[in-house]
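A short worksheet on the structure shown next.
The values are calculated or read from the model by the stated rules, or taken from the named source; none is laboratory data. As the structure is a prediction and not an experimental result, all values here were calculated from the model. Glycine also receives a Cβ, built like all others from the backbone with ideal geometry; neighbour counts cover every protein chain displayed. Calculation scope for accessible area: heavy atoms of the full protein, side chains included, ligands and nucleic acids excluded. Shrake-Rupley method; radii C 1.70, N 1.55, O 1.52, S 1.80 Å.
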Amino acid sequence: LKFKNMYLKHSEKLAEAAGGDGWGSKQKAALSPEEQKKKEQQEKEEEEEAMAMLEAAKAAAAPAPVVDRFAETRESANPVTRAIGPGTTSTSQTLFNRIGGEKILDQVVTDVYNDMRADKDIGKLFARFRLEKLKDRTVDYLRGEWGGPEAYKGSDLWISHSHMGIRNNWYDIMMKYYVKALKRAKLGKAETAEALASLEKMRAPIVDRDLKFKNMYLKHSEKLAEAAGGDGWGSKQKAALSPEEQKKKEQQEKEEEEEAMAMLEAAKAAAAPAPVVDRFAETRESANPVTRAIGPGTTSTSQTLFNRIGGEKILDQVVTDVYNDMRADKDIGKLFARFRLEKLKDRTVDYLRGEWGGPEAYKGSDLWISHSHMGIRNNWYDIMMKYYVKALKRAKVSKSETEECLASLEKMRAPIVDRDLKFKNMYLKHSEKLAAAAGGDGWGKKAV
């Protein structure tokens, strides 16, 4: 529970520093008994009306046929996108214009985010975000979904929300605010019902209660990988080996496997007690306990390791070899077939350059955020580690430096694999604490 305790202490410090009510706002004056009673009655009536409309929306959303209007503008072969993604509302060809176009859509979404930001239950989740940015993304999506002039071309709903841990009751609250916002915009009953049915269909991939969409995405990725040709670098497959060459290769692999297993066991033992040394605190959000503890720049020996292995040239060579080996692996190779390995290699080199003491700190997303939607399994990570042993050996990196590299890579396993969802939960709790401590109204303005 080292990381849990570290996180809790950090949260207590944030709370002490926040002051006030946690929102940076003064409390509003209490209502008179008459005003409070009137407000409660109004809220009760609105609640009953909203519940009736939401039940109708759920019923309408379930049997709606899938009509993919934007198949040519994106990867429509993706079953997640095709089934629930942009442009799938059966009535979307006219809904955008019938509600009043861009002006009304922008108004409705803005009202919803303002209401959610002020909500006592979920408002804290939005305090740390720029609501203008969230609003713009939502408008972009709904413009395409409801038949506006442009198709939505961003990430599908599951990918966009997979790391957020959105709960079903949070989505219920949002839907109630859409009812109120559509009513304020004076939309017709038919258009309101259509809009709510469309929003209700979006619940499944955004909440993904049973991980159906995650599993669908992973299976689809595997199928794409199986169908992809080439070696992942834009080159054709190599010719098959002769029986003699194959036998020689298998013997060599067996010997390397035994050597790798011994080194990896040593790496696991070395990684466990390594102290946390954050060399790049000023270049990123070091207040995040996940990033500070496991993220970039935490290898205790990283100030010199980059130079001692041979600098940029050797690092690039090692990572390139690892991706080539993983791409050719019979168990995990298919996972890499659909990617441009050059891009993956560059990102890994960027991270390890900073982690191992190179001239530049890594400034990208932390390890958990970068890998949270990939569903990486522990045995896949084992395979990768074996290929790092082989690649470091090919590069003639010394035994002591190899052990340091492997210990560093082993420490990265926890947030990348996240077997028990500890890092996901740590991230979500930390986000809530940051939100509670944030001031302003979420739109870049000071609290009223």
Could you pull out the pairs from K219/K411; K153/K345; K103/K135; K254/K345 whose alpha carbons sit more than 23 Å apart here?
K219/K411; K153/K345; K254/K345
How high is the FRET efficiency between K396 and D420 when r is their beta carbon distance and R₀ equals 56 Å, given to the nearest 0.05?
0.90
Loop-located trypsin sites (Lys or Arg not before Pro) in the range 314-388, at most 16 other Cβ atoms within 10 Å (DSSP):
K330, R338, R340, K363, R377
With label points built 7 Å along Cα→Cβ from the Cα atoms of K44 and N378, find their separation and express it in nm.
5.4 nm
Once the piece of chain linking E360 and N97 is laid out straight, how much longer is it, given 0.36 nm per residue of separation minus the C-alpha distance between them?
89.7 nm
Suppose the chain between L1 and M51 were pulled fully straight at 0.36 nm per residue; how much longer would it get relative to their current alpha carbon spacing?
13.8 nm
When the chain is fully extended, how far beyond the present Cα-Cα distance does N169 get from E265, taking 0.36 nm per residue of separation?
30.1 nm
Built amide H within the under 5 Å cut-off of G357, gap 5+
F306
Leaving ligands and nucleic acids out of the surface, order R209, R117, R394 by accessible area at 1.4 Å, largest first.
R209, R394, R117
Candidates per GluC sites (Glu not before Pro) in the range 311-369, loop by DSSP, up to 14 other Cβ within 10 Å:
E360
Across the range 115-125, in residue order, what do the Karplus-derived ³J(HN,Hα) couplings come to in whole Hz, using 6.51 cos²θ - 1.76 cosθ + 1.60 with θ = phi - 60° and x for Gly and Pro?
5, 5, 5, 8, 5, 5, 8, 10, x, 5, 5
Carbon and sulfur together cover what percent of the accessible area of the range 360-412 at a 1.4 Å probe radius?
49 percent
Please work out how much accessible surface K2 shows to a 1.4 Å probe, ignoring ligands, DNA and RNA, in Å² rounded to 10.
120 Å²
With the crude spin-label approximation of a point 7 Å out along Cα→Cβ, what separation in nm comes out for N215 versus K330?
2.7 nm
